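> My questions all concern the structure below.
Computed from the coordinates by the stated procedures, all read-outs in this text should not be read as laboratory data. A quick note: this is a predicted structure, and the numbers were derived from the prediction, not measured. Quick reminder, even Gly has a Cβ in these numbers, built from the backbone with ideal geometry, and neighbours come from all protein chains shown.
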Amino acid sequence: MTQTFTIPHLLPSLNEYTRACRAHWSHGAKMKREHQDIVAWTIRAARVRPYARPVRVSIRWVEKNIKRDFDNITAFGTKVILDALVQTEILHDDGAKWVTGISHERTVDRASPRVEVTITDK
């Protein structure tokens with residue numbers, strides 16, 4: 001089974017998250033919680049069904065431009081997405097037993113930046 005959902009905006013980069021944590025630990029925690037809740041809402045709105053088998057996750061980062069470092073985009077964003085999938089009970093866990101692979105792609109769309117997530121079971 002393959003399912004897709006789209007987060008209609010960009011997620012913060014690892015640099016933005018680190019900056020928030022350095023200001024105060026609670027700022028980083030709040031940032032992660034807020035974005036994880038947004039992703040969870042998006043998952044529910046897309047009516048993604050739970051998986052009972054291990055999955056592969058493909059994430060397409062559609063950026064406004066190529067200014068943000070790709071590794072910084074994927075690091076924090078992937079954490080938020082996987083934690084939201086567990087929070088909404090789409091995945092039992094985000095460990096190696098349940099998520100067997102994660103792939104990333106970056107493209108540019110100045111008019112409509114977003115994050116497209118595809119989940120495929122084995």
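> Can you put 25, 41, 61 in order, fewest other beta carbons within 10 Å first?
Values: 25 10, 41 13, 61 22.
Exposure proxy ranking, most exposed first: 25, 41, 61.
> Sticking with the crude label model, points 7 Å out along Cα→Cβ, report the distance from residue 26 to residue 120 in nm, one decimal please.
4.5
> Still on this structure, please answer the following. How big is the gap, in Å, between the Cα center of the stretch 46-69 and the Cα center of the stretch 74-90?
9
> State to the nearest 20 debye the size of the charge dipole of the chain about its Cα centre, where the only charges are +1 on K and R beta carbons and -1 on D and E beta carbons.
Numbers: 20 positive and 14 negative charges, 22 e Å.
In debye, rounded to 20, the chain gives about 100.
> Could you check the spin-label model distance between residue 9 and residue 92? Points 7 Å from the Cα along Cα→Cβ, value in nm.
It is 3.5 nm.
> Over its Cα atoms, what ratio of radius of gyration to 2.2 N^0.38 Å does the chain give? Let's see the in-between values first.
On the way: Rg = 14.1 Å, N = 122, 2.2 N^0.38 = 13.7 Å.
The reported ratio for this selection is 1.03.
> Arranged by the count of other C-beta atoms within 10 angstrom, fewest first, what order do 1, 31 take? Spell out each step's value before the answer.
Values: 1 10, 31 19.
Lowest count first: 1, 31.
> For the stretch 2-121, give me the percentage of DSSP beta bridges that are antiparallel, rounded to the nearest 5 percent. Spell out each step's value before the answer.
Working: 14 of 23 bridges.
Around 60 percent antiparallel, to the nearest 5.
> Testing the spin-label approximation: label points 7 Å from Cα along Cα→Cβ at residue 60 and residue 1. State their distance in nm.
Result for the modelled spin labels: 2.2 nm.
> I've got another one for you. Going by C-beta contacts inside 10 Å, put 118, 74 in order with the fewest on the left.
Details: 118 15, 74 19.
With the sparsest Cβ surroundings first, the list reads 118, 74.
> Would you work out which of 24, 92, 119 lies farthest towards the positive end of the dipole of the chain, given +1 charges on the beta-carbon of Lys and Arg and -1 on that of Asp and Glu, about the Cα centre?
Among 24, 92, 119, the one farthest towards the positive end of the dipole of the chain is 24.
> Something else: Comparing 22, 49, 33, which has the greatest mean-square fluctuation in the GNM of the chain with Cα pairs linked when under 10 Å apart?
Highest fluctuation among the options: 22.
> Say a paramagnetic label sat at a point 7 Å from the Cα of residue 52, along Cα to Cβ; which residues of the stretch 80-103 have their backbone N under 15 Å from it?
Counting backbone N atoms under 15 Å from the label point, the list is 90-92.
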